[in-house]
Amino acid sequence: MKKVIGVLTLIIVLASCTKEQDPFEWNKDRVGHLTKGMQVHQLDSIYANDSIVRSVKGDEFSNGANLIEIYEKGGAHLLTLTPSEALDSTATIENIIIRDDRYTTLEGITKNSTFKEISAAYKVSSVDNMIDDAVIWVNDQNFYFSISKDELPTDVKFDISAKIEKTMIPGDTKPQYMFVSW
């Protein structure tokens, strides 16, 4: 009987010690309280104390199709979400732009991190040359970063067909945007 009471006590103690989710932790399967596979209708309960701004139907040209913006009660822009389909309550969150610098990976990467810090924390697999930006892809993760081409050498800055090497990116360059794609 004492063993049963001891085991039950141990289970209760361990169950009460569960770590509460950090609302600003970011990894490949989670951004704060958002997780992979989460549906749009769940946002109202997750962000009950914050502001959720959804696109107005028929206003796709000015707001961007299907965007959902999350603002903290104090006005800080936290996240921009893109559902997998039209604004349907059962649609899942497909893409996230992290807007607030409090979101941090387990490796300590934030919106204010430098390219040197990002490449030390993660293996950068490739860099894509876009019109105005360079997109930095990270191995074994489902997130990526974009930097302004203004930070790059002139020979690749204006040539969209030029290959951008990781060594061309100055170490102190900070990302313009951080994306998570599920």
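The values are calculated or read from the model by the stated rules, or taken from the named source; none is laboratory data. Because the structure is predicted, anything quoted here is derived from the model rather than measured. Methodologically, a virtual Cβ is constructed for each residue, glycine included, from the backbone with ideal geometry; neighbour enumeration extends over all protein chains shown.
Key figures
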| read-out | value |
| --- | --- |
| Neighbours by Cβ (under 7 Å, 6+ apart or cross-chain): first from the stretch 68-94, under 16 Å from residue 36 (Cα atoms) and outside the structural domain of residue 111 (by the TED database); second basic (Lys, Arg) and buried (at least 17 other Cβ atoms within 10 Å of the Cβ) | 79/99; 80/99 |
| Residue match in the stretch 111-118 (condition: touching a Phe, Trp or Tyr at 6+ places or on another chain (Cβ under 8 Å), in contact (Cβ under 8 Å) with a residue 60 or more places away in the chain, not in a helix (DSSP H, G or I) and not polar (S, T, N, Q)) | yes |
| Residue tally, condition out of contact with any strand residue (DSSP E or B) (no Cβ under 6 Å at 6 or more places or on another chain) and among the aromatic types (Phe, Trp, Tyr), over the stretch 108-161 | 2 |
| Residue, nearest to the chain's Cα centre (by Cα), within the stretch 103-127, restricted to residues that are more than 18 Å from residue 181 (Cα to Cα) and crowded, with 17+ Cβ neighbours inside 10 Å | 113 |
| Some residue of the stretch 48-62 being closer than 27 Å to residue 176 by Cβ, under 16 Å from the mean Cα position of the chain (by Cα) and at pLDDT 60 or above | no |
| Scope the stretch 67-111; condition in contact with a helix residue (DSSP H, G or I) (Cβ under 9 Å, 6 or more places away or on another chain) and at positive phi; matching residues | 108 |
| Positions within the stretch 89-111 being touching a His at 6+ places or on another chain (Cβ under 9 Å) and among the charged types (D, E, K, R), in sequence order | 99, 100 |
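This table checks each residue for (1) surrounded by fewer than 17 Cβ atoms within 10 Å (Cβ to Cβ); (2) within 16 Å of residue 112 (Cα to Cα); (3) touching a residue at least 24 places away in the same chain (Cβ under 8 Å).
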residue: 129; (1), (2), (3): no, no, yes
residue: 136; (1), (2), (3): no, yes, yes
residue: 149; (1), (2), (3): no, no, no
residue: 156; (1), (2), (3): no, no, yes
residue: 160; (1), (2), (3): yes, no, yes
residue: 167; (1), (2), (3): yes, no, no
residue: 172; (1), (2), (3): yes, yes, yes
residue: 179; (1), (2), (3): no, yes, yes
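Here is a yes/no grid of residues against (1) at pLDDT 95 or above; (2) outside any strand (DSSP E or B); (3) of a type outside the set (A, V, I, L, M, F, W, C):
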{"site": "78", "(1), (2), (3)": "yes, no, no"}
{"site": "86", "(1), (2), (3)": "no, yes, no"}
{"site": "90", "(1), (2), (3)": "no, yes, yes"}
{"site": "95", "(1), (2), (3)": "no, no, yes"}
{"site": "141", "(1), (2), (3)": "no, yes, yes"}
{"site": "150", "(1), (2), (3)": "no, yes, yes"}
{"site": "162", "(1), (2), (3)": "no, yes, no"}
